[in-house]
Amino acid sequence: MRTTIGIAIDIPEPWGGELTKARAEAGDPQAAYVPAHVTLLGPTEIEAADLAVIERRLAEIAAARPPFTLHLRGTGTFRPITEVVFVAVAAGISECEQLNAAIQDIDVIDRANKFPYHPHVTVAQDVPSAQLDAVFRNLAGFEARFPVKGFTLFEHGSGGRWRQHRDYVLGSADDPADNGR
């Protein structure tokens, strides 16, 4: 049996809600299913039996890396390659890249990337150009700075919704907290 996972850094409040709202206002239907986040591993299909191996490796990866500050500032776009507008990561880029590389190195994760990894927060995707332009302008002055203390493993559930499976604390040798999930 197979399942789909993703790994991300959640954007805390009040900024997460603000960015998710902006995505919804841009007409992006994913806003209803995907809260604001920085992706560390995009949707990846795995064997369900490999989930325990991935959880153990994620705990090791988290324990080996200290918390860091993420600074989001302004907007960017991947157009014309893909119809995406995002909030840019201004600081914390290398930490996100290191986490992504370590996660990609987990033996049972087999995911071919279409594009090089670029940490960002998507705020509009595959919507008409006018909406992409509007969210690009509206969030051009956006800025947030906050500590990143961990990341989350998500599993794709029914109805297109992602559900939190387990949280991982950076710099912690403890077992990952499952927070009752």
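Taking the square root of 5 times each eigenvalue of the Cα gyration tensor, what semi-axes in Å does the equivalent ellipsoid of the chain have, largest first? Write down the numbers at each step before the final one.
Working: eigenvalues 145, 68, 45 Å².
The answer is 27, 18, 15 Å, longest axis first.
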Taking a label point 7 Å from the Cα of residue 140 along Cα-to-Cβ, the residues of segment 40-80 whose backbone nitrogen sits under 12 Å from it are 74-76
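Contour minus end-to-end for residue 164 and residue 13, with contour as 0.36 nm per residue of separation and end-to-end as the Cα-Cα distance?
Numbers: separation 151, 0.36 × 151 = 54.36 nm, distance 1.69 nm.
Gain in length upon complete extension: 52.7 nm.
With r defined as the distance between the Cβ atoms of residue 56 and residue 130 and R0 fixed at 41 Å, what FRET efficiency is calculated, to the nearest 0.05?
So, using R0 = 41 Å, E works out to roughly 0.30.
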So which GluC sites (Glu not before Pro) in segment 20-104 end up in coil per DSSP with only 16 or fewer other C-beta atoms within 10 Å?
83
Which whole-number percentage describes the relative contact order of the chain, with Cα contacts under 8 Å and a sequence gap of 6 or more?
31
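In nm, what is the difference between 0.36 nm times the number of residues separating residue 48 and residue 98 and their Cα-Cα distance? Spell out each step's value before the answer.
On the way: separation 50, 0.36 × 50 = 18.00 nm, distance 2.53 nm.
This chain segment gains 15.5 nm when fully extended.
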Roughly how big is segment 2-169's charge dipole about its Cα centre, with Cβ charges of +1 (Lys, Arg) and -1 (Asp, Glu), in debye to the nearest 20?
240
So how far apart, in nm, are the two label points at residue 113 and residue 30 if each is 7 Å from Cα heading toward Cβ?
1.6
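Read the figures in this text as sums done on the coordinates, not as results from a lab. From a predicted model like this one, the values you see are computed outputs, not experimental measurements. Every residue, glycine as well, gets a Cβ built from its backbone with ideal geometry; the counts of neighbours run over all protein chains shown.
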